[in-house]
Amino acid sequence: MRVVWRRLLLGLVISVTSCGSGTPAEPQLSLVPYPASVTRQGEGFTLASGDVVTAPDATIGGFVVSGVLADTGVELALGAGGRIKLDLDAAQAGPEGYELTADENGARISAATVEGLFRGVQTLRQLARDRTVPGVRISDRPRFRWRGAMLDVARHFRPVEDVKRFIDLMAAYKLNVLHLHLTDDQGWRVAIPGRPELTEVGGSTEVGGGPGGFYTVEQYMDIAAYAGLRFITVVPEIDLPGHTNAALASLPELNCDGVAPEPYTGIKVGFSALCPGKPETERFLTKVLTEVALRTVGPYVHIGGDEVEKLSDAEYAQIVEQAAHAVTANRKQVVAWQEAGKTALPPGSLVQYWQTNGGPEDVERAVAQGARVIMSPASKVYLDMKYDDTTRIGQTWAGTTEIDDAYDWDPATLIDGVGEDRIEGVEMALWTETVVTLDDVEHLAFPRLPAVAEVAWTPQGERSFDAFAARLAPIATVWDRWGVDYHRSPRITWP
Ligand code: ACM
């Protein structure tokens, strides 16, 4: 009798863990974002200190060495004939695609570009997390070209070292755009040659009245170079024509009445605007956008355009169109929040959908002009939303956002008529009204940052929250190593 019961029970267990053939389904490798194609094969190998990495140049090889050291403590070395090989192979899918194979003899990453190798290195780091690399063949490329994170350094300033740390965290999950929200009512964070008042006055405070700060031209370029080495494009945002109290407080001539307002340290929005029709306004935005464009390596400058309550549509359009012209005159492409869809957009523009305030209609207007879309729906990818009512920092105006909310959506079905072919990519946003320290940044970003990274990278058909949750949990062991203060979401069974 007992034997019969055992047989029945065993049969039940086999039937829930097996797929049709009767072989137990193999759990997915713990990789995030999950690659486009993964095939397990044969034996793998175990990493040992002193193992050699052979790469086409020392910079990309160095990323294997430093990454594996940070993740595992194992010290690899650069040299010839190593069992970890990176090579350039024009036959691979570019520009970010790569192929990674691992067997008992070692691992090889091939890509058409060094950028593709860099993405593959992040996969190798995850495979090597516990030092044993499984036998595998991975063929990978991203779903979307634009996989971004916005960091608001205006509401609370973050020093260069913190931004570099954020870049490292982004790079580990194959993100490739860092959108720096550099100016807002509460702070002006980048030096503009010839306009020192902007940083002397506008950079001198932040939300809550703290000391603020700003990046010198050299520091801004240092951030861009650090990001660039990691194949991350910095997109600077100068938010216009609203969100401009810091500029208005710095330069009295920008105000219609010529009187500068006090610096602002609260968290209201919508109350400030540049003065439409005043020659000083166009001179100012042309000067600022030119100086920023000149020092920006990537092809984009973001001109803001969100949440303007003080201007008529015509006044708004006049200033946004002046700003867009200043960007294209410097041979850069315009990026703007969705509201700019109401204005005439130059060819090559991108609009960023943030969902509220009539977002779909504005995006449809932009798309009708030929613009492409970056998806940043606030209820899914605004990382400053609390996870739940107990989260110690953050806001709730777009709801609370647990990790499954951030994960479980398809960018291509969000707005009717704006399908995959109109979408440039996905960008999460971390606004910092309530975010005071680097720990705060990390607590809100983790684990949602890797979740959104997978939305942007992995084919929709390969994604499910349950599989993602199972893959993500073991990855948290490296966050402990890196010292990341992450939210222990109840939706994940953490190790
Ligand atoms: C925004 O959240 N104001 C773009």
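Taking 7 Å steps out from each Cα toward its Cβ at Ala467 and Ser66 produces label points 3.3 nm apart.
When both bridge partners sit in the chain, DSSP labels roughly 30% of those beta bridges antiparallel. Each label point was placed 7 Å from the Cα along the Cα-to-Cβ direction; for Leu88 and Asp313 their separation is 5.1 nm.
The slack in the chain from Ala329 to Val74, taken as 0.36 nm per residue of separation less the alpha-carbon distance, amounts to 86.8 nm.
Sequence-ordered 3J(HN,Hα) estimates for the stretch 456-473 from the Karplus curve with 6.51, -1.76 and 1.60 and θ = phi - 60° stand at 7, 9, 8, x, 3, x, 9, 10, 8, 4, 4, 5, 4, 4, 5, 6, 6, 3 Hz, glycine and proline given as x. Close amide H partners of Leu430, meaning residues 5 or more places away or on another chain with modelled amide H under 5 Å apart, are Met150, Leu151, Asp152, Leu383. As a calculated quantity, the FRET efficiency between Arg137 and Asp485 at R0 = 41 Å, using C-beta atoms, amounts to about 0.70. Its DSSP H runs of at least 4 residues, each contributing -39,500 (n - 2.57), put the calculated 222 nm mean residue ellipticity of the chain at -10500 deg cm²/dmol, to the nearest 500.
With the simple model of a label 7 Å out from the Cα in the direction of the Cβ, Leu229 to Asp130 spans 3.3 nm.
Each of Thr400, Val363, Leu383 was placed along the dipole of the stretch 360-407 (beta-carbon charges, centred on the mean Cα), and the one lying farthest toward the positive end is Val363. For Gly394, nonlocal amide neighbours, meaning residues 5 or more places apart or on other chains whose placed amide H falls under 5 Å from its own, are Thr434. Using C-alpha pairs under 8 Å with a sequence gap of at least 6, the mean separation divided by the residue count of the stretch 153-282 gives a relative contact order of 28 percent.
Annotation: extensible slack from Ala368 through Thr356 equals 2.4 nm (criterion: 0.36 nm per residue apart, minus Cα-Cα distance). Hydrodynamic estimate: the Kirkwood radius of the stretch 348-489 over Cα pairs, inserted into Stokes-Einstein at 37 °C and 0.692 mPa s, corresponds to D of 207 µm²/s. Enter the Cα centre distance for the pair the stretch 320-355 and the stretch 475-495, rounded to the nearest angstrom. Centre-to-centre (Cα) distance: 38 Å. In a solvent-free Debye calculation with one equal scatterer on each Cα, what is log10 I(q)/I(0) for the chain at q = 0.05, 0.07, 0.09 Å⁻¹, listed in the order of the q values? Log-scaled intensity ratios, in q order: -0.21, -0.40, -0.64.
Counting only Cβ charges, +1 for Lys and Arg and -1 for Asp and Glu, the dipole size of the stretch 63-195 around its Cα centre is about 220 debye. Mind running the shape call on the stretch 199-278? Use the C-alpha gyration tensor, a ≥ b ≥ c as the square roots of the eigenvalues: rounded below 1.5 for a/c, prolate if a/b tops b/c, oblate otherwise. It is prolate, given that a/c is not under 1.5 and a/b is the larger ratio. The stretch 422-437 and the stretch 155-221 have Cα centres spaced 14 Å apart. Available extension along the chain between Glu218 and Thr493 is 94.6 nm, counting 0.36 nm per residue and deducting the alpha carbon span. Between Val297 and Glu321, the FRET efficiency estimated from the beta carbon spacing at R0 = 22 angstrom works out to 0.30.
For Arg83, the amide hydrogen comes within under 5 Å of the amide hydrogens of Val52, counting only partners 5 or more places away or on other chains and with H modelled in the peptide plane. With the Cα gyration tensor of the stretch 146-234 giving a ≥ b ≥ c as the square roots of its eigenvalues, does the rule (a/c under 1.5 for rounded; else a/b larger than b/c for prolate; else oblate) give rounded, prolate or oblate? Prolate.
In order along the stretch 250-262, the Karplus-derived 3J(HN,Hα) couplings, from 6.51 cos²θ - 1.76 cosθ + 1.60 at θ = phi - 60°, round to 8, 10, x, 5, 6, 8, 4, 9, x, 10, 6, x, 5 Hz, and Gly and Pro are given as x.
Let me make sure I get this right: for the stretch 426-495, a, b and c are the square roots of the gyration tensor eigenvalues over alpha carbons, sorted descending. Under 1.5 in a/c it's rounded, otherwise prolate if a/b > b/c, else oblate. Which is it? Cα axes put the stretch 426-495 in the oblate bin.
Shown in residue order for the stretch 81-95 are the 3J(HN,Hα) couplings computed by the Karplus curve 6.51 cos²θ - 1.76 cosθ + 1.60 at θ = phi - 60°: x, x, 8, 10, 10, 10, 9, 8, 9, 4, 6, 6, 6, x, x Hz (x for Gly and Pro).
Taken together, the values in this text are just the output of simple stated rules run on the coordinates, not laboratory data. Owing to the predicted nature of the structure, the values given are computational and were not obtained by experimental measurement. In this analysis, Cβ positions are derived from the backbone assuming ideal geometry, glycine residues included, and neighbour counts consider all displayed protein chains.
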